[in-house]
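For reference, the structure is listed below as structure tokens.
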2 protein chains.
Amino acid sequence: MAVHISKQFDADLEDVRTRVLQMGGLVEDQIVKAIEGLATGDLALIEQVIADDHRVNALEVELDETCSRVIAKRQPAASDLRLLIAVIKTITDLERIGDEAEKIARMAKLVHTAGTVDMPRLELKHVANLALGMLRKALDTFARLDSKAAAQVVQQDRLVDDEFRSILRQLITFMMEDPRTITRSLEILFVAKALERIGDHSKNMAEYVVYMVEGRDVRHIRADAPPAKDPLAG
Amino acid sequence: MAVHISKQFDADLEDVRTRVLQMGGLVEDQIVKAIEGLATGDLALIEQVIADDHRVNALEVELDETCSRVIAKRQPAASDLRLLIAVIKTITDLERIGDEAEKIARMAKLVHTAGTVDMPRLELKHVANLALGMLRKALDTFARLDSKAAAQVVQQDRLVDDEFRSILRQLITFMMEDPRTITRSLEILFVAKALERIGDHSKNMAEYVVYMVEGRDVRHIRADAPPAKDPLAG
């Protein structure tokens, strides 16, 4: 990035970047705990995820304020302004990933409070690891300002979407074969949907890294990619 | 808002606000067409919604660039900067509402291509009108910078969520009674979910209006509101 006359400005930007990564770490932690809670039925862990969501929200509000303050005070030129605007967009996605972690925790609570009777046998670990992997890589590319790696994260969203469609098809089969599993299956569907959305948000974040580094907006560009598939299409 | 020394700056801000409202009008139009396409099975209309999503995306990218340019050129102080940052956040939500309209159109296409056999009898007009009403009001409060009315829009999101839960319960009943309706019911569920998300995004937009006008961040404040209900909770 550009060399600044003001060392204080460099320190401001570094502070912002560090706090985005801290917020990212907290959000990552929330997802890991929510998934563990779903797998193990550890209700204390589940409640902790739900209770901690306000911490993610508070970090977003604080970081928004800091970015505004830095912009007003330092009046940055193009590339630094790009970084700050990318941060403002990134933390919105991070906050919404936090919301999805909370939703997973709430579903985990429902599932385990009701007991695991009529539970469809279905593995969510794979899609969870894909989504979590995307978030981790998006944060890593943000930390290293690596736009090439960020472009790869954007591509990976397709894998999460494919996995979501596969889960959906399996759930439909379960529900058809045994309608008693319908309520439980829908809970699992909402968890899978939350994971799929974590992939979407991580993709957005990776796109902001490319924009930040290259000043090139790669959103909505799908040159050689086929059009998106419908979740219920075969 | 503040009086500016530079008339050109006033013109810049007015231009940004006008274009946000144009983008909002296009997004509104996309939802109306998608819902009409779902109700009537007008495939030409449905295809038009899918094809026009790129126009919404392009408006977001253009407006982001304009906001960055205005900030870099005019170096605005607190309240104007707040407006520009609120715009940057608002258009992200508008773009994602556009994505939800496209999703509804894709579901409408699936539903009507497959034929309406095994279709659950269920009315989505009410939730659609609620969500669309929230979007319209959010845009209107943005146009008039009316933070009081914006605070009311924030409250209305609860009605959309309640309606979504009611639809979900009805769909579960349909699926239980006749498992042949499962695939169709899930398509309807995804449409209802898209409408519920349009409510969420409109709520976000209304919160940005309050922030813009009052400089007070009302996100994540739910002083006298009960905690959010789980979609599958009774």
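The values are calculated or read from the model by the stated rules, or taken from the named source; none is laboratory data. Model, not experiment: these values are computed from the prediction. Every residue, glycine as well, gets a Cβ built from its backbone with ideal geometry; the counts of neighbours run over all protein chains shown.
Test each condition in (1) in contact with a Gly (Cβ under 8 Å, 6 or more places away or on another chain); (2) surrounded by fewer than 23 Cβ atoms within 10 Å (Cβ to Cβ); (3) without any contact (Cβ under 8 Å) to a residue 60 or more places away in the chain for B:Asp161 and report the one that comes out false.
The failed condition is (3).
Pairs, please: C-beta under 8 Å, at least 6 apart or cross-chain, first residue facing another protein chain (nearest Cβ under 8 Å) and in the range B:64-78, second surrounded by fewer than 20 Cβ atoms within 10 Å (Cβ to Cβ) and among the acidic types (Asp, Glu)?
B:Asp64/A:Asp217; B:Glu65/A:Asp217
Which numbered condition trips up B:Asp224, out of (1) under 25 Å from A:Ile172 (Cα atoms); (2) more than 10 Å from chain A (Cβ to nearest Cβ); (3) modelled with pLDDT under 90?
Result: B:Asp224 passes all but (1).
Only one of these conditions is not met by B:Arg144: (1) basic (Lys, Arg); (2) under 25 Å from B:Asn204 (Cα atoms); (3) within 13 Å of chain A (Cβ to nearest Cβ). Which number is it?
(3)
Given (1) farther than 26 Å from B:Lys193 by Cα; (2) more than 16 Å from the chain's Cα centre (by Cα); (3) not β-branched (Val, Ile, Thr), identify the lone condition not met by A:Leu38.
Result: A:Leu38 fails condition (1) only.
On the given criteria, is A:Asp64 at negative phi and at pLDDT below 95?
So A:Asp64 passes the test.
Here is a yes/no grid of residues against (1) part of a helix (DSSP H, G or I); (2) of a type outside the set (Gly, Ala, Ser); (3) at pLDDT 95 or above:
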site	(1), (2), (3)
B:Leu21	yes, yes, yes
B:Asp29	yes, yes, yes
B:Ala44	yes, no, yes
B:Glu47	yes, yes, yes
B:His54	yes, yes, yes
B:Leu59	yes, yes, yes
B:Arg69	yes, yes, no
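For B:Ala108, are the conditions met, namely being within 11 Å of chain A (Cβ to nearest Cβ) and either of a type in the set (A, V, I, L, M) or not in a helix (DSSP H, G or I) (or both)?
yes
A:Gln75 versus (1) modelled with pLDDT under 95; (2) on the phi < 0 side of the Ramachandran plot; (3) not basic (Lys, Arg): which is the lone unmet condition?
(2)
For the range B:176-191, give me the residue count where each residue is free of Cβ contacts under 8 Å to residues at least 40 places away in the same chain and crowded, with 19+ Cβ neighbours inside 10 Å.
3
Taking only the range B:116-149 into account, find how many residues are of a type in the set (Lys, Arg) and crowded, with 19+ Cβ neighbours inside 10 Å.
1
Please pick out the residue among A:Leu21, A:Leu43, A:Leu84, A:Leu26 that is hydrophobic (A, V, I, L, M, F, W, C), at the interface with chain B (Cβ under 10 Å from one of its Cβ atoms) and either touching a Leu at 6+ places or on another chain (Cβ under 7 Å) or more than 22 Å from B:Val210 (Cβ to Cβ) (or both).
That would be A:Leu84, the only listed residue that is hydrophobic (A, V, I, L, M, F, W, C), at the interface with chain B (Cβ under 10 Å from one of its Cβ atoms) and either touching a Leu at 6+ places or on another chain (Cβ under 7 Å) or more than 22 Å from B:Val210 (Cβ to Cβ) (or both).
Across the range A:84-96, what is the total count of residues that are without any contact (Cβ under 8 Å) to a residue 40 or more places away in the chain and either of a type in the set (S, T, N, Q) or surrounded by fewer than 17 Cβ atoms within 10 Å (Cβ to Cβ) (or both)?
Of the residues in that region, 1 qualify.
Starting from residues that are farther than 23 Å from A:Lys193 by Cβ and of a type in the set (Gly, Ala, Ser), keep the ones in the range B:173-216 and report whichever is farthest from the other protein chains (Cβ to nearest Cβ).
B:Ala206
Suppose we filter A:Asp140, A:Asp99 for residues that are under 14 Å from the mean Cα position of the chain (by Cα) and free of Cβ contacts under 8 Å to residues at least 24 places away in the same chain; which single one remains?
Result: A:Asp140 is the single residue among A:Asp140, A:Asp99 that is under 14 Å from the mean Cα position of the chain (by Cα) and free of Cβ contacts under 8 Å to residues at least 24 places away in the same chain.
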